[in-house]
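The structure appears right after this line, and notes come after that.
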Amino acid sequence: MKNTKWLLLMALTLVLSIFLAACGGTDDKKEDTTKDDGKDENATETPAKEDGEPDAEQILNLAESAAIPSVDSAIVEDAVGFNVLNNVNEGLYRLDQENKAIPAMASEEATESEDGLTYTFKLRDAKWSDGTPVTAEDFVFAWQRAIDPATGSPYGPFMMSGTVKNATAISEGKMDKKELGIVAKDEKTLEVTLERPVPYFLSLMSFGTFYPQKEAFVTEKGDAYATNSDNLLYNGPFTLTDWDGTGGSWVYKKNDEYWDAENVKLTQINVNVVQDSATAVKLYKDGKLDRAGVSGDLAMQYSTDEEAVLQPETSVFYMKFNQEKGGKETPLANENIRKAIAKSFQKEDLADVVLANGSLPANFLVPKDFAYDEDGKDFRELSGDHLEYNAEEAKDLWAAGLKELGVDSLELEILGGDTDLSKKMDEYFKSQLETNLEGLTIKLKEVPFAVRLELDGNQDYDIQISGWGPDFQDPISFLDLFVTDGTNNLMSYSNPEYDKLIADSKGDLALKPAERYEAFAKAEKILLDEDAAIAPIYQRGLIFLEKPYFKGLVSHPFGADYSFKWAYISGKE
Amino acid sequence: MVKYVGKRIIYMFITMFLIATATFFLMQTLPGSPIASYSKLTETQKQNVEKKYGIDKPKPVQYAIYMKNLAKGDLGTSFAFKNKSVNDLLASRIKPSFILGAQAMVFGTIIGILLGMIAALKQNTFWDYGSTFFAILGISIPSFVFATMLQYYIASQWHLLPVGLWNDGWKSSILPSIALAMGPLALSARFIRTEMIEVMGSDYITLAKAKGANGFEIAFKHAFRNALIPLITVLGPVAAGLVTGSLVVEQIFAIPGIGEQFVSSIMVNDFATIMGTTLFFSAFLIVVIFIVDILYGVIDPRIRLSGGKA
């Protein structure tokens, strides 16, 4: 009896103490925050030598936002998958530290025929992780597999159709996959034939879908191919281990068979899936992660942290103005109405105060730090700003538009996402637009992404907040979206002059880089300044917390997010 | 008894069939597609991908295939995890969820029962008020709030246990288990207290007291056993919920469990996985309810499972 009482008492004390601990006062918090700051300062001091020698131990701990759905280059369609591919496999080319495509599995720059239709690649002596050589046949097999309709590859046809010879017909099942414009001349020589000259073709060669696959291995594994780390072959800087195909963690190990292994410093990268941004930050502060993405409300809180790194992405967000709904013209078919809306909201405040996540205000469609001309000049310098905020001008345009429509007020709906950030942003638009444009009433419709896609598909909206991230490094990746009947147009915008410029960039101008870029600049001007078909809002940015000893990480503007090939740790010890 | 059990098993299958059917058709009303790059694809490409994953077939055909596979215990292939069966997916994710759920259940119920008994035996004293206050907190504060507090103080500030992830062995499971345990803990404390007070006032306890039984005997042998019945009724479904994964707690602690998996499948419209997980949840709950019913008879022989109008 005595013992029981003691047990009861102890149990109660334990529970109460846990509870009281959990409810600890705010003073503790303040104290500990200061302690944290002290620690951070030390951390920055240690690796002060920027070009410090790499530490003896090269093990990195990172987080991904989702599990890996697939590492089969023909099947991958998500950010995490492409990221893994880029670090464990390698294509003919690879994006370097300056994001230029440089020969990788190719031993030297490709030879291009005069008409720009044939590329010949010489392969270097590279090996798969099983020790066998990477051959030209491996590329032929992988590309044919990716375009074969039976494979059901989402990206194969998307990347190759209209680019690689016969790809469209093959993907539609009208031609045999053997007819694809890729031939192995010998074990180390690969010849690719294109449908049309594609000036950005070499940068495409660094994209995951174009990576090689070893036929014997893929066939042997059958359905099990690429379903876990044992059922994969690697020819990149790292191999994948401890990935069971569905789990929330995996490990990258340095690949000793990689042709450039001597330049790979990290020996191991441990990755865990952490979906919650607050948890990622706590793990980072606890030293369990060397880098953590910060999103949502936390972004504002941490944007001034001394370990915060702002990283602009290449996704651009804009308003789509739907000019036709249910077979009838909408008020947005009026050019003045569109221009008025496009010029009536302050983008700087939106980016800095409302979004506060490293995003930049955008007066453009083709993003900054993304596409460069022959001389390495950013396309943005060439094309300048369009549709800048101008409340006065917006008012005049609005009045003119209303007069043309013969009404004195309008009600329009903004279709946006259902995340907290989207809602905040939509509220901002409502307030700005209604304040600046007299007689305008904005209704907000906030729906999940899947619903938005459906409404977009049915062209059932007035104004939609939409965005686009590029899959290859060329302004056409963005400008192609708005040609008449383009798959992403879905707002009944059509301008023959615009269409012609885009068509020319793929045809007559394909081999004239300077004129081609001029055509793009002209097209962007038509789309935005002249027609206000869409209203650019912002270029998305990201905020990361990154330990000062983590160096050399390269982030890419398209395709995979990161290369760990050149990353290393210096000054942690 | 055998007849009763047989009948219950048949009902269980009927329930599962109805749930499977309802889930299937509800899924069809969801907008969107499980293909991530859908907006970038042309019609032909969409058709090819849909064909590959069998979503191009008419709904009744899809339903028939689905039910046929289900009868064989095959939950289909995940759309998000390419070439991975939903069975494999669940199997790889169930372990962490099960460990957390079981620990939370055991810890929560034992402490809860103790608290409830103390409160009942020491009615209207400091002990009673203390444990009642605790139980009310446990019921009114959601587990994810506890999770965040435990994570912040015990892990982030005092560095006593891991902040999250599933790579520190048993240590990784302690905080999420405690967070999850708060619900069942509060529930059992409250139920046991009420029931015990009621039972303690009944005639047979007075009789036991008169016969000279000591406090321990009265509390455990007589009162507690009777107080347990309503507790088991409510704890059954709670147990099923805990073991099949707590969506938010797993996400907060970055634990690769079934709850975390369920949330991400919904985000990416992975129909097969959503259906598979829902069915798994349902099956688990049905089985737990069945076990609870059987347990009634074990705990209180007065409850007869067969015969009469039961």
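Restricting A:V366, A:V407, A:V354 to those that are surrounded by 18 or more Cβ atoms within 10 Å (Cβ to Cβ), part of a loop (DSSP other than H, G, I, E, B) and either out of contact with any Asp or Glu (no Cβ under 8 Å at 6 or more places or on another chain) or in contact (Cβ under 8 Å) with a residue 60 or more places away in the chain (or both) reduces the list to A:V366. For region B:62-93, name all the residues that are under 17 Å from B:A283 (Cβ atoms), among the hydrophobic types (A, V, I, L, M, F, W, C) and not in a helix (DSSP H, G or I). Listed by number, the list holds a single entry, B:L75.
Among residues of region A:551-573 that are under 25 Å from A:D78 (Cβ atoms), those with a Cβ under 8 angstrom from a residue that is part of a loop (DSSP other than H, G, I, E, B) and hydroxyl-bearing (S, T, Y), sequence gap 6+ or separate chain, pair up as A:G559/A:S206.
Screening A:G507 on (1) among the small types (G, A, S); (2) over 30 Å from A:K254 (Cβ atoms); (3) crowded, with 21+ Cβ neighbours inside 10 Å shows it passes everything except condition (3). Among the numbered conditions (1) surrounded by 19 or more Cβ atoms within 10 Å (Cβ to Cβ); (2) within 30 Å of A:S431 (Cα to Cα), the only one that A:V451 does not meet is (1). Go through region A:167-188 and give me each residue that's more than 14 Å from chain B (Cβ to nearest Cβ) and touching a residue at least 24 places away in the same chain (Cβ under 8 Å). Once the filter is applied, which keeps residues that are more than 14 Å from chain B (Cβ to nearest Cβ) and touching a residue at least 24 places away in the same chain (Cβ under 8 Å), region A:167-188 yields A:K178, A:L180, A:I182, A:V183, A:A184, A:K185, A:D186, A:E187, A:K188. Among the residues of region A:202-217, none is identified as of a type in the set (G, A, S), open to solvent by 30 Å² or more (accessible area, probe 1.4 Å) and in contact with a strand residue (DSSP E or B) (Cβ under 6 Å, 6 or more places away or on another chain).
The single condition from (1) modelled with pLDDT of 90 or more; (2) open to solvent by 60 Å² or more (accessible area, probe 1.4 Å) that A:E64 fails is (2).
The residue of region A:369-397 that is surrounded by the fewest Cβ atoms within 10 Å (Cβ to Cβ), among those that are under 23 Å from A:S555 (Cα atoms) and among the charged types (D, E, K, R), is A:D375.
Tally time: how many residues in region B:161-182 are closer than 21 Å to A:A292 by Cβ and at the interface with chain A (Cβ under 9 Å from one of its Cβ atoms)? Residues that pass the stated criteria total 6. Taking the criterion of being touching a helix residue (DSSP H, G or I) at 6+ places or on another chain (Cβ under 6 Å), closer than 14 Å to A:A521 by Cβ and part of a loop (DSSP other than H, G, I, E, B), the only residue of region A:375-390 that qualifies is A:H386.
Selection within region B:236-269: residues that are in contact with a Gly (Cβ under 6 Å, 6 or more places away or on another chain) and part of a helix (DSSP H, G or I). The member of this set that is nearest to the other protein chains (Cβ to nearest Cβ) is B:E250. Looking across region A:480-493, the residues that are surrounded by fewer than 23 Cβ atoms within 10 Å (Cβ to Cβ), over 16 Å from A:T330 (Cβ atoms) and under 22 Å from the mean Cα position of the chain (by Cα) come down to A:D480, A:L481, A:G486, A:T487, A:N488. For beta carbons closer than 8 Å, sequence separation of 6+ or different chains, a first residue in region A:456-471 that is more than 25 Å from A:T314 (Cβ to Cβ) and a second that is hydroxyl-bearing (S, T, Y), the qualifying pairs are A:Q459/A:S492; A:D462/A:T330.
Counting only strands (runs of 3 or more DSSP E) that sit completely within region A:52-139, those holding 2 or more residues that are within 14 Å of chain B (Cβ to nearest Cβ) correspond to A:59-64.
Within the bounds of region A:222-231, is there any residue that is in contact with a helix residue (DSSP H, G or I) (Cβ under 7 Å, 6 or more places away or on another chain), within 14 Å of chain B (Cβ to nearest Cβ), open to solvent by less than 10 Å² (accessible area, probe 1.4 Å) and closer than 24 Å to A:T151 by Cα? No - not one qualifying residue is present in region A:222-231.
Flag set for B:V49, criterion: in a helix (DSSP H, G or I), farther than 30 Å from B:V234 by Cα and open to solvent by less than 30 Å² (accessible area, probe 1.4 Å).
The values are calculated or read from the model by the stated rules, or taken from the named source; none is laboratory data. On a predicted model such as this, the values are computed, not experimentally measured, just so you know. So basically every Cβ, Gly included, is an ideal-geometry build from the backbone, and we count neighbours across all protein chains shown. Ligands, DNA and RNA are excluded from the accessible area calculation, which covers all protein heavy atoms including side chains. Shrake-Rupley method; radii C 1.70, N 1.55, O 1.52, S 1.80 Å.
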